[in-house]
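The values are calculated or read from the model by the stated rules, or taken from the named source; none is laboratory data. In this text, all values refer to a predicted model and were calculated from it rather than measured experimentally. Here the Cβ positions follow ideal geometry from the backbone for every residue, glycine too, while neighbour counts run over all protein chains shown. Side chains are part of the model used for accessible areas, which takes the heavy atoms of the whole protein and leaves out ligands, DNA and RNA. Shrake-Rupley method; radii C 1.70, N 1.55, O 1.52, S 1.80 Å.
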Amino acid sequence: MSRFNLSDSLNLLSKITPARAWNAIKVVSSYYVSKWRGKPSQWGFPISISFEPTTSCNLRCPECPSGLRAFTRPTGMLKKDFFSETIDQMHRELLYLVFYFQGEPYLNPGFLDMVSYASSKKIYTATSTNAHYLSEENARRTVESGLDRLIISIDGTTQEVYQQYRVGGKLEKVLEGARNIVKAKKDLKSKTPFIIFQFLVVKHNEHQIEDVKQLAKNIGADDVWFKTAQVYDYEKDPNQLIPSIDKYSRYRRTDKGYESKNSLQNHCWRLWHSPVITWDGMVVPCCFDKDAQHQLGDLKGKPFKEIWQNGKYTAFREEIMQSRKNIDICANCSEGVKVWND
């Protein structure tokens, strides 16, 4: 299935204002000027941003720091007041907001209130969930919040396969949650959220690719996305996750094991348009800095727009443009690699 959907795309386009369009032009222009000059220039403010509702999670997925409880940074919940204050600083330019970084968003009791606040600012909102908390009440509240896109992680079509990666999870609970959200949309006569089944293709579930397409159709999901897995120790692949189907892998086999397909050119679009904010207000470069090791600012001390153009951010963009391969979080990055298929 395609990532393009007319209804979803028109919904996103409806959020564009003259201020957001002008900001996007400035951001895109500064990115290409920076590539041409070999030196970073930054005009405008983020087009997209990821906000972390929580680092807590109910599952224990083997390649996830949240699931492994492996963070060195603190675990906690994003506060509604802090979120709304930050959005107030950014909403004129901001088009797209992802309520996800690490953890399970629905564990934060104020999560849907924050979605409602962002929706009231006419920002396109999206989140990713393992769907274990999509009760009938939460499903209805999700639709009422104005959430535009809901990604449901479903990495197997049988419990035996599903639980191999989603450790501690119950597939029937996921399917029940998906049915609840489909029903709530119908009951409320809502076109949103756009429901996506996301299938993380790994070695033990690659035989179920066709099955998940049929399952999504039966339940009423709007689309199915296939995602490649990030494997931390990919050279050895100790958990045997790298699939045998090459197009669903971020890695290629070598005589010694595996290597990344990413050539790591000295530029990165993410650094110009899409930062990540942790639950406690740390601004980090992108979603690959899962443990927030590269903190470029703290929103508890400075407003976002000041951080976005400060010396630390400029220095990090400059480092990306000089020697990206020497930055640890870039070594396993999928930027520039085709990771979505069908």
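Residue-wise test of (1) closer than 29 Å to residue 8 by Cα; (2) charged (D, E, K, R); (3) more than 23 Å from the chain's Cα centre (by Cα).
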residue	(1), (2), (3)
152	yes, no, no
159	no, no, yes
166	yes, yes, no
174	yes, no, no
225	yes, no, no
230	yes, no, no
Restricted to the range 276-305 and to residues being at pLDDT below 95 and among the charged types (D, E, K, R), the residue surrounded by the fewest Cβ atoms within 10 Å (Cβ to Cβ) is 300
I'm checking my understanding of the structure. Among residues of the range 31-66 that are assigned to a loop (DSSP other than H, G, I, E, B) and among the aromatic types (Phe, Trp, Tyr), which one is least open to solvent (accessible area, probe 1.4 Å)? 45
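So that you can scan it fast, the table gives a plain yes or no per residue for (1) touching a Gly at 6+ places or on another chain (Cβ under 7 Å); (2) hydroxyl-bearing (Ser, Thr, Tyr):
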position: 239; (1), (2): no, no
position: 262; (1), (2): yes, no
position: 270; (1), (2): no, no
position: 280; (1), (2): yes, no
position: 284; (1), (2): no, no
position: 308; (1), (2): no, no
position: 314; (1), (2): no, yes
position: 317; (1), (2): no, no
position: 328; (1), (2): no, no
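Could we say that residue 116 is in contact (Cβ under 8 Å) with a residue 24 or more places away in the chain, under 18 Å from residue 297 (Cα atoms) and small (Gly, Ala, Ser) here? Let's see the steps before the verdict.
Values: in contact (Cβ under 8 Å) with a residue 24 or more places away in the chain: yes; under 18 Å from residue 297 (Cα atoms): no; small (Gly, Ala, Ser): yes.
Answer is no for this residue.
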Taking into account only those residues within the range 6-30 that are under 24 Å from residue 267 (Cβ atoms) and aliphatic (A, V, I, L, M), which is most open to solvent (accessible area, probe 1.4 Å)? 25
Within the range 181-200, of all residues that are closer than 30 Å to residue 253 by Cα and modelled with pLDDT of 95 or more, the one surrounded by the fewest Cβ atoms within 10 Å (Cβ to Cβ) is 198
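Determine which member of the set 98, 115 is open to solvent by less than 20 Å² (accessible area, probe 1.4 Å), at pLDDT 95 or above and either over 23 Å from residue 163 (Cβ atoms) or touching a Gly at 6+ places or on another chain (Cβ under 8 Å) (or both). Lay out the reasoning, then the answer.
Numbers: 98 fails: open to solvent by less than 20 Å² (accessible area, probe 1.4 Å).
The unique qualifying residue is 115.
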Which members of the range 244-256 meet the condition of being surrounded by fewer than 20 Cβ atoms within 10 Å (Cβ to Cβ) and part of a loop (DSSP other than H, G, I, E, B)? 244, 245, 254, 255, 256
Any residue in the range 162-185 that's farther than 26 Å from residue 242 by Cβ and of a type outside the set (Val, Ile, Thr): show its pairings with residues that are open to solvent by 90 Å² or more (accessible area, probe 1.4 Å) and in a helix (DSSP H, G or I) at Cβ separation under 7 Å, as long as the two are six or more apart or on different chains. 180/136; 184/140
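Does residue 84 satisfy being within 23 Å of residue 147 (Cα to Cα), at pLDDT below 95 and not in a strand (DSSP E or B)?
Details: within 23 Å of residue 147 (Cα to Cα): yes; at pLDDT below 95: no; not in a strand (DSSP E or B): yes.
Taking the combined requirement at face value, the residue does not satisfy it.
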Assess whether residue 103 counts as being over 17 Å from the mean Cα position of the chain (by Cα), closer than 19 Å to residue 229 by Cβ and not in a helix (DSSP H, G or I). no
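Between 126, 139, 131, which is in a helix (DSSP H, G or I) and either of a type in the set (Gly, Ala, Ser) or open to solvent by 60 Å² or more (accessible area, probe 1.4 Å) (or both)?
Working: 126 fails: in a helix (DSSP H, G or I); 131 fails: in a helix (DSSP H, G or I).
Answer to the check: 139.
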Exactly one of 213, 261 is open to solvent by 30 Å² or more (accessible area, probe 1.4 Å), basic (Lys, Arg), out of contact with any Leu (no Cβ under 9 Å at 6 or more places or on another chain) and modelled with pLDDT under 90, and that one is 261
Per the filter on the range 174-230, residues of a type in the set (Lys, Arg) and part of a helix (DSSP H, G or I) are 179, 183, 185, 186, 213, 217
